[in-house]
Amino acid sequence: MTTVCAVCGAPRSNEQAACPSCGDAGKSRAKEDAASTSRVRVQPTPRENLVATLAYLTAIPALVLLCTRPYRKNQFVRFHALQSIALAASTLALMFTFLLLANLAAINLLLIPVALIAGIGIALLVIVCMIKAYQHRLYKLPVLGEWVERHAIRS
């Protein structure tokens with residue numbers, strides 16, 4: 001399971017002893033550092049949660065967040081913005097595939113319920129991603145999540 005570092009907001013797995021970005025060893029050390037340094041942020045801000053949630057509305061807010069100065073460096077917001085863009089791109093590819101297949105007369109009527117179920121599934125997936133982002137959790141999509149995580153941490 002993937003969690004978020006309490007110090008820098010970078011995604012990390014529960015098996016890792018230290019954060020790969022900042023080297024933080026865990027919750028106990030983060031609490032000690034918070035007492036000695038005012039710069040360390042143990043609790044995520046509600047603004048980060050809200051901004052990461054808004055990234056899933058459409059690809060446009062996600063693109064704006066990637067270009068906005070305070071959020072382009074925040075790895076938690078970057079992860080959710082990139083995942084939203086990847087989800088929108090894969091949805092467009094799926095819609096394009098359905099449109100191409102709809103031109104075939106033999107399977108035209110069969111695609112209507114499949115497209116309806118796919119649309120409902122994608123809408124539910126976006127809602128789940130929004131809820132997880134608001135709870136300050138990283139929810140990696142099965143195929144896109146690993147790619148998004150690499151690009152969100154790298155930049």
- Task: Rounded to the nearest 500, what is the 222 nm mean residue ellipticity of the chain from helices alone, with -39500 (n - 2.57) per DSSP H run of 4+ residues and division by all residues?
- Result: -20000 deg cm²/dmol
- Query: So, with +1 on the Cβ of K and R and -1 on the Cβ of D and E, and no other charges, what is the size of the charge dipole of the chain about its Cα centre, to the nearest 20 debye?
  - Reply: 460 debye
- To the nearest 10 degrees, how steeply does helix 145-154 sit against the main Cα axis of the chain, on a 0 to 90 scale? 40 degrees
- Helix 108-134 axis, angle to the chain major axis (alpha carbon atoms, nearest 10°): 10 degrees
- Task: Tell me, for the chain, which Cys residues have no other cysteine's C-beta sitting closer than 4.7 Å.
- Result: CYS67, CYS129
- Computed on Cα atoms, the radius of gyration and Dmax of the chain in angstrom are 18.6, 70
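Every number in this text was worked out from the coordinates using simple rules, so none of it is lab data. Please read all numbers here as calculations on a predicted model, not as lab measurements. When we count neighbours, we look across all protein chains shown, and the Cβ atoms used for this are built from the backbone with ideal geometry, even at glycine.
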